[in-house]
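The next block holds one structure in the form of structure tokens; read it before the comments.
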Amino acid sequence: MEFDTLIHNAVLLTCNPAFEIIPGGWLGVRGGRIAAMGHESENGRRPAARETLDACGGIVMPGLINTHGHLPMTLFRGLADDLPLEVWLADHIFPAERAVLHPESIRWATLLACAEMALSGTTTCCDGYFHETAVAEAVHASGLRAVLGQGVIDQPAPGVPDPTHNIATARDFCRNWRARGGTIRPSVFCHSPYACCRETLVSSKRLCDEFGLLFQIHAAETRWENEHIRKLQGMSPIRLLDRAGVLDEHTLLAHGVWVDDEDIAIIAARRAKISHNPESNMKLASGVAPVTRMLAAGITVGLGTDGCASNNDLDLFAAMDTAAKLHKVMNHDPTVLPAETVIRMATIDGARALGLAGEIGSLETGKQADLIILETRVPHLTPLHHPASAIVYAAKGSDVRTVMVGGRFLVRNREVLSVDVPDVMDHVQRISQALIAELRRKV
Ligand SMILES: [Zn+2]
């Protein structure tokens with residue numbers, strides 16, 4: 001039976017358990033899934049397909065998986081930098097959010113994020129924000145795959161002015177998007193152990209369990225959070241979450257910077273997952289998550305960018321490069337976090353962190369055809385001794401030429417097919433100008 005699409009003349013970087021790399025390979029897609037893979041035969045004959053795409057010797061790999069972010073925060077890219085986290089949040093981000101966040105602005109900002117992610121090889125993202133229905137509509141329109149969490153916090157928030165309605169709002173969101181199925185999976189995103197009381201945490205987790213969804217939360221991100229919770233509760237943020245009963249294999253902890261050995265043992269025992277966001281943690285000077293110790297303890301660690309206001313881009317190639325180097329210098333050991341480990345974090349381990357490893361994260365027969373094609377005939381990727389090394393230490397998001405999600409092309413030859421990118425940029429530019437005017441008016 002012929003394939004819908006055949007990609008040939010490719011270096012297949014599979015991210016399968018053996019981390020197999022197939023030079024001179026082909027990959028066939030049928031019904032949105034990877035139907036078969038193989039080596040180019042010597043006689044040049046190829047399997048039949050309705051459409052054939054020459055990868056021109058480039059790398060074909062699983063689409064990258066961004067395990068943590070706040071997509072609409074593209075609106076605040078570069079608005080306020082080089083500030084301590086508390087000042088940055090209280091004096092800049094929260095006022096900006098109050099001034100400009102409504103479903104329409106969130107829709108445009110999310111479309112911008114999706115275009116940026118698609119153009120830099122991300123095919124699945126995990127988000128937590130407010131007005132999440134608007135986020136979900138935009139991500140759905142872009143064709144990206146996503147786990148999207150309605151934000152829950154014990155204070156008035158965009159779209160949820162009365163925090164006593166936060167769980168009901170999350171419930172409506174989860175019910176609606178679960179019923180729709182497809183590439184969007186709903187989730188609940190509790191802001192943090194300091195901004196959500198025990199009752200909020202427990203109700204949110206219960207809601208996730210009821211629907212079989214991922215529970216997300218920022219945890220142990222900053223020194224301030226660690227000290228604040230220890231002072232108030234007499235225990236670490238991780239222990240507090242464990243006592244509340246919200247840590248299990250369907251829990252994703254964003255950051256985990258301020259964790260000690262006991263916290264790491266708890267996370268490992270509960271099989272909770274970590275989203276590591278090195279660039280955000282570095283930019284806000286939050287600290288360095290002990291990723292090597294987490295991996296040694298058997299914890300699944302995915303990679304994330306965090307929101308655009310604290311990074312300031314959504315390029316996971318940059319995050320891979322940074323992660324690999326950050327932990328080498330922290331540990332004074334160039335052998336830690338080798339390229340292969342970092343690529344796993346950005347692909348199959350990211351999929352595990354989101355509970356989607358059966359469907360995405362590697363090029364394996366039967367999985368969703370979520371893949372990217374990198375052009376390697378460029379000076380900075382020549383010669384191509386080791387594809388994994390090239391991806392982590394030399395490649396950039398802009399080397400991604402083609403992106404497919406569920407067998408559908410979202411990007412071809414660096415053109416986003418699902419989003420009118422110039423129009424989206426114009427809208428976001430206009431919204432950001434209105435934001436600046438509004439913030440000036442209030443000063
Ligand atoms: Zn975050």
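The values are calculated or read from the model by the stated rules, or taken from the named source; none is laboratory data. Every value quoted in this text rests on a predicted model; they were computed, and no experiment measured them. Please note: Cβ atoms are built from the backbone with ideal geometry, for glycine as well, and neighbour counts cover all protein chains shown.
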Return the residues of segment 86-121 that are surrounded by fewer than 19 Cβ atoms within 10 Å (Cβ to Cβ) and either in a helix (DSSP H, G or I) or of a type in the set (Phe, Trp, Tyr) (or both); say none if nothing qualifies.
Glu86, Val87, Leu89, Ala90, Asp91, His92, Phe94, Pro95, Arg98, Ala99, Pro103, Glu104
For residues in segment 259-273 being in contact with a helix residue (DSSP H, G or I) (Cβ under 8 Å, 6 or more places away or on another chain) and basic (Lys, Arg), which is farthest from the ligand (Cβ to nearest atom)?
Arg270
For Ala297, indicate whether it is at pLDDT below 95 and surrounded by fewer than 24 Cβ atoms within 10 Å (Cβ to Cβ).
no
Identify, by number, the condition in (1) in contact with a helix residue (DSSP H, G or I) (Cβ under 7 Å, 6 or more places away or on another chain); (2) closer than 23 Å to Gly304 by Cα; (3) not charged (D, E, K, R) that Gln155 doesn't meet.
(2)
Would you mind stating whether Ala390 is buried (at least 18 other Cβ atoms within 10 Å of the Cβ) and closer than 21 Å to Phe317 by Cβ?
yes
Between a residue in segment 217-232 that is in a helix (DSSP H, G or I) and any residue that is within 12 Å of the ligand (Cβ to nearest atom) and polar (S, T, N, Q), which pairs come within a Cβ distance under 7 Å, given they are 6 or more apart or on different chains?
Glu225/Ser192
Single unsatisfied condition, His68 versus (1) out of contact with any strand residue (DSSP E or B) (no Cβ under 6 Å at 6 or more places or on another chain); (2) under 30 Å from Leu435 (Cβ atoms)
(1)
Looking at segment 172-216, which of its residues are free of Cβ contacts under 8 Å to residues at least 12 places away in the same chain and among the hydrophobic types (A, V, I, L, M, F, W, C)?
Ala179
Pairs please, first residue from segment 12-23 and on the phi > 0 side of the Ramachandran plot, second anywhere and not in a loop (DSSP other than H, G, I, E, B), Cβ atoms under 7 Å, 6+ apart in sequence or on different chains.
Cys15/Met61; Cys15/Pro62; Cys15/Ile343; Cys15/Arg344; Cys15/Ile348; Phe19/Glu340
Tell me whether segment 274-281 contains one or more residues that are closer than 30 Å to Leu381 by Cα, assigned to a helix (DSSP H, G or I) and at pLDDT below 95.
no
Scanning segment 280-309 for residues that are in contact (Cβ under 8 Å) with a residue 60 or more places away in the chain and within 14 Å of the ligand (Cβ to nearest atom) gives Asn281, Lys283, Leu284, Ser286, Gly302, Leu303, Gly304, Thr305, Asp306, Gly307, Cys308, Ala309
Residue that is touching an Asp or Glu at 6+ places or on another chain (Cβ under 8 Å) and closer than 20 Å to Leu112 by Cβ, where the choices are Gly361, Gly406, Gly397
Gly397
Within segment 192-212, the residues that are closer than 14 Å to Ile167 by Cβ and either among the polar types (S, T, N, Q) or buried (at least 20 other Cβ atoms within 10 Å of the Cβ) (or both) are Cys196, Thr200, Leu201, Ser203, Ser204, Lys205, Leu207, Cys208
If the requirement is being modelled with pLDDT of 95 or more, touching a Phe, Trp or Tyr at 6+ places or on another chain (Cβ under 9 Å) and among the small types (Gly, Ala, Ser), which of these qualifies: Ser142, Ser192, Ser204?
Ser204
From the list Met73, Met61, Met37, which residue is in contact with a helix residue (DSSP H, G or I) (Cβ under 9 Å, 6 or more places away or on another chain), outside any loop (DSSP other than H, G, I, E, B) and away from the ligand (no atom under 16 Å from the Cβ)?
Met61
Check Val419, Val392, Val342, Val424 and return the single one that is in contact with a Cys (Cβ under 7 Å, 6 or more places away or on another chain), hydrophobic (A, V, I, L, M, F, W, C) and either within 16 Å of Met117 (Cα to Cα) or touching a residue at least 24 places away in the same chain (Cβ under 8 Å) (or both).
Val419
Out of the residues in segment 368-380 that are closer than 19 Å to Val403 by Cα and touching a helix residue (DSSP H, G or I) at 6+ places or on another chain (Cβ under 6 Å), which is surrounded by the fewest Cβ atoms within 10 Å (Cβ to Cβ)?
Glu375
Selection within segment 242-258 - more than 12 Å from Ala353 (Cβ to Cβ), within 16 Å of the ligand (Cβ to nearest atom) and either in contact with a helix residue (DSSP H, G or I) (Cβ under 6 Å, 6 or more places away or on another chain) or part of a loop (DSSP other than H, G, I, E, B) (or both)
Val257, Trp258
Residue pairs qualifying under the 7 Å Cβ cut-off, at least six apart or on distinct chains, with the first in segment 46-65 being surrounded by 24 or more Cβ atoms within 10 Å (Cβ to Cβ) and the second being at pLDDT below 95, are none
Which listed residue, of Ala309, Ala319, Ala324, is surrounded by 16 or more Cβ atoms within 10 Å (Cβ to Cβ), part of a helix (DSSP H, G or I) and modelled with pLDDT under 95:
Ala309
